[in-house]
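Data block below; observations after.
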Amino acid sequence: MSLPLEAIRDITAALTHEPNLAVLLQRILQHAQRLLGAPDGVVYLWDEAEQTLLPQAWVGHADWLRTTRFKCGEGIAGAVAEQRLGCLANHYQRTPYAVPHAIQSHPITAALAEPLFYRTHLLGVMVLYQHEPGHRFTPADQDLLALFAGQAALAIGHDHLVQESQTQLAMLTQTN
């Protein structure tokens, strides 16, 4: 087994045992960054009621990100959510995905994004960024992030199932 696949296996094992969603998302992002050598990144979760992507974990972004929301089709995260396909943008600032306030606060040169699916349900989107001129993502990086995103989505989906069962259990004990 090659090193990236071993890393994904080890990461997946560690992630499935994290009971706190905020910590889980931060760990997912940190592992993805390390795996792909990306200095910055964001994990967005899909809010079904609002029909938006909400940033839940990030590294290397200012506090403006906390209040940022993306609808389907907006920015690289929204485009990935809408198309339900990953995206590799090595000339980020020249793409239709470039978000003006992101460009102003960070000299983003490349972005790599993958949707997070649990079964067929969109959970969110993970986006990694490069800033140094000449640092690019490759199709192999995209394949690796897609593989990792699938495993990360399983961990997030597992967390959602645990939360739902705890809620159901609490409701049952209240009625008895």
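The values are calculated or read from the model by the stated rules, or taken from the named source; none is laboratory data. Since the structure is predicted, the reported quantities are computational estimates derived from the model, not experimental observations. Every residue, glycine as well, gets a Cβ built from its backbone with ideal geometry; the counts of neighbours run over all protein chains shown. Areas reflect the complete protein model, heavy atoms only, side chains present, ligands, DNA and RNA absent. Shrake-Rupley method; radii C 1.70, N 1.55, O 1.52, S 1.80 Å.
Here are a few things to note about the model shown:
- Tallying residues that are more than 13 Å from the chain's Cα centre (by Cα) and either more than 19 Å from Ile76 (Cβ to Cβ) or open to solvent by 30 Å² or more (accessible area, probe 1.4 Å) (or both) within the stretch 22-46 yields 5.
To keep it simple, each residue is scored yes or no on (1) surrounded by fewer than 14 Cβ atoms within 10 Å (Cβ to Cβ); (2) within 14 Å of Thr68 (Cβ to Cβ).
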site	(1), (2)
Glu82	no, no
Leu85	yes, no
Pro96	yes, no
His101	yes, yes
Gln104	yes, yes
Leu123	no, no
Leu128	no, no
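- For the stretch 33-118, the strands (runs of 3 or more DSSP E) that sit wholly inside it and include 2 or more residues that are more than 21 Å from Glu132 (Cβ to Cβ) are 40-47, 52-59, 110-118.
- Residue list for the stretch 139-162, filter: open to solvent by less than 60 Å² (accessible area, probe 1.4 Å) and at pLDDT 90 or above: Asp141, Gln142, Leu144, Leu145, Ala146, Phe148, Ala149, Gly150
- In this structure, Thr67 does not qualify as of a type in the set (Ser, Thr, Tyr), open to solvent by less than 20 Å² (accessible area, probe 1.4 Å) and farther than 22 Å from Phe148 by Cα.
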